[in-house]
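The values are calculated or read from the model by the stated rules, or taken from the named source; none is laboratory data. Computed from a predicted model, the values in this text were never measured in an experiment. Note that we place each Cβ from the backbone using ideal geometry, even for glycine, and neighbour counts take in every protein chain shown. Please note that ligands, DNA and RNA were not included when accessible areas were found on the heavy atoms of the full protein model with its side chains. Shrake-Rupley method; radii C 1.70, N 1.55, O 1.52, S 1.80 Å.
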Amino acid sequence: NAGVTQTPKFRILKIGQSMTLQCTQDMNHNYMYWYRQDPGMGLKLIYYSVGAGITDKGEVPNGYNVSRSTTEDFPLRLELAAPSQTSVYFCASMGVEGGKNIQYFGAGTRLSVL
Amino acid sequence: LAKTTQPISMDSYEGQEVNITCSHNNIATNDYITWYQQFPSQGPRFIIQGYKTKVTNEVASLFIPADRKSSTLSLPRVSLSDTAVYYCLVGGDDYKLSFGAGTTVTVRA
């Protein structure tokens, strides 16, 4: 199993450009999450989804959009990149194992906006 | 969302037991408590989860008092490779899971 796969691993954007961070999981999990992590800080929840077609805002949704057309994919869209969006972005999916709700994380996408 | 509070950092030495306490005063009835470990440049990794009393697995123990307003992650006999950031999360039926600032644990030889 590949688990949670994020692409790209690195990206440099210019201010005002747009891009989509891809996230796909092969564990058939209903729950998926996008977080951002600034240097030396904890993870902040951007958006999450409890199933295909259902998304909801997290703590820091401004400047981002998501969609969930399939169980497997949960892309994150940046429409007008700003320097404040320079961060590491982690995608996660959550499933139940042994009666526990466990999040599995991708390797992250490092984004710089210059 | 139940807010969590953890110490910012802790230092330890190899072979010692490390105990990290997380405060979650407004935990809801259906909320469970989960701990994750994060190494630099990696995503967090699940350590342990519990609802009440004590939970133990092959890497850690989780102690939850009866009022559930706090929880303590116990790492027995730590090694240098346990140096990481540890996060306490409280979550329930809404599945809106937020991480706090975490506790940076540094293990020295």
* Give the range B:1-53 a look and list any residue that's free of Cβ contacts under 8 Å to residues at least 12 places away in the same chain and under 13 Å from the mean Cα position of the chain (by Cα), or say none. => B:Arg45
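Would you call A:Pro61 of a type outside the set (Gly, Ala, Ser), open to solvent by 40 Å² or more (accessible area, probe 1.4 Å), within 14 Å of another protein chain (Cβ to nearest Cβ) and touching a strand residue (DSSP E or B) at 6+ places or on another chain (Cβ under 9 Å)?
Values: of a type outside the set (Gly, Ala, Ser): yes; open to solvent by 40 Å² or more (accessible area, probe 1.4 Å): no; within 14 Å of another protein chain (Cβ to nearest Cβ): yes; touching a strand residue (DSSP E or B) at 6+ places or on another chain (Cβ under 9 Å): yes.
No.
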* Total residues in the range B:46-63, condition of a type outside the set (S, T, N, Q) and either within 15 Å of B:His24 (Cα to Cα) or in contact with a helix residue (DSSP H, G or I) (Cβ under 6 Å, 6 or more places away or on another chain) (or both) -> 5
* **Counted residues, the range B:1-18 - those being surrounded by 13 or more Cβ atoms within 10 Å (Cβ to Cβ), among the hydrophobic types (A, V, I, L, M, F, W, C) and in a loop (DSSP other than H, G, I, E, B)** => 2
* Asked: How many residues are buried (at least 16 other Cβ atoms within 10 Å of the Cβ) and part of a loop (DSSP other than H, G, I, E, B) when one looks only at the range B:84-94?
  -> 1
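Residue by residue, here is whether (1) facing chain A (nearest Cβ under 10 Å); (2) closer than 28 Å to A:Pro39 by Cα holds:
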residue: B:Ile33; (1), (2): no, yes
residue: B:Ser41; (1), (2): yes, yes
residue: B:Lys52; (1), (2): no, no
residue: B:Ala101; (1), (2): yes, yes
* Asked: For the range A:37-114, which strands (runs of 3 or more DSSP E) that fit wholly inside it have 2 or more residues that are under 24 Å from B:Ile48 (Cα atoms) and of a type outside the set (Val, Ile, Thr)?
  -> A:43-51, A:87-97, A:100-105
* Which residues, taken from the range A:18-36, are more than 19 Å from B:Gly43 (Cα to Cα) and open to solvent by 80 Å² or more (accessible area, probe 1.4 Å)? -> A:Asn28, A:Asn30
* Please work out which one of (1) under 17 Å from B:Gly100 (Cα atoms); (2) among the hydrophobic types (A, V, I, L, M, F, W, C); (3) open to solvent by 50 Å² or more (accessible area, probe 1.4 Å) is the condition A:Val88 fails and give its number. => (3)
* To do: Could you grab me the full set of residues in the range A:55-104 that are within 16 Å of B:Tyr36 (Cβ to Cβ) and not acidic (Asp, Glu)?
  => A:Val88, A:Phe90, A:Cys91, A:Ala92, A:Ser93, A:Met94, A:Gly95, A:Lys100, A:Asn101, A:Ile102, A:Gln103, A:Tyr104
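Residues in the range A:70-85 that are farther than 20 Å from A:Ala2 by Cα and open to solvent by 40 Å² or more (accessible area, probe 1.4 Å): how many?
5
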* Within the range B:78-107, count every residue that is modelled with pLDDT of 95 or more and in contact with an Asp or Glu (Cβ under 7 Å, 6 or more places away or on another chain). => 6
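Going through A:Ala81, A:Ala107, A:Ala92 one at a time, which residue ends up being more than 14 Å from chain B (Cβ to nearest Cβ) and modelled with pLDDT of 95 or more? Show your work before the answer.
Details: A:Ala107 fails: more than 14 Å from chain B (Cβ to nearest Cβ); A:Ala92 fails: more than 14 Å from chain B (Cβ to nearest Cβ).
Being more than 14 Å from chain B (Cβ to nearest Cβ) and modelled with pLDDT of 95 or more holds for just one of A:Ala81, A:Ala107, A:Ala92, which is A:Ala81.
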* Asked: If B:Arg45 passes every condition in (1) within 14 Å of A:Lys100 (Cβ to Cβ); (2) charged (D, E, K, R); (3) more than 11 Å from every other protein chain (Cβ to nearest Cβ) but one, which one does it miss?
  -> (3)
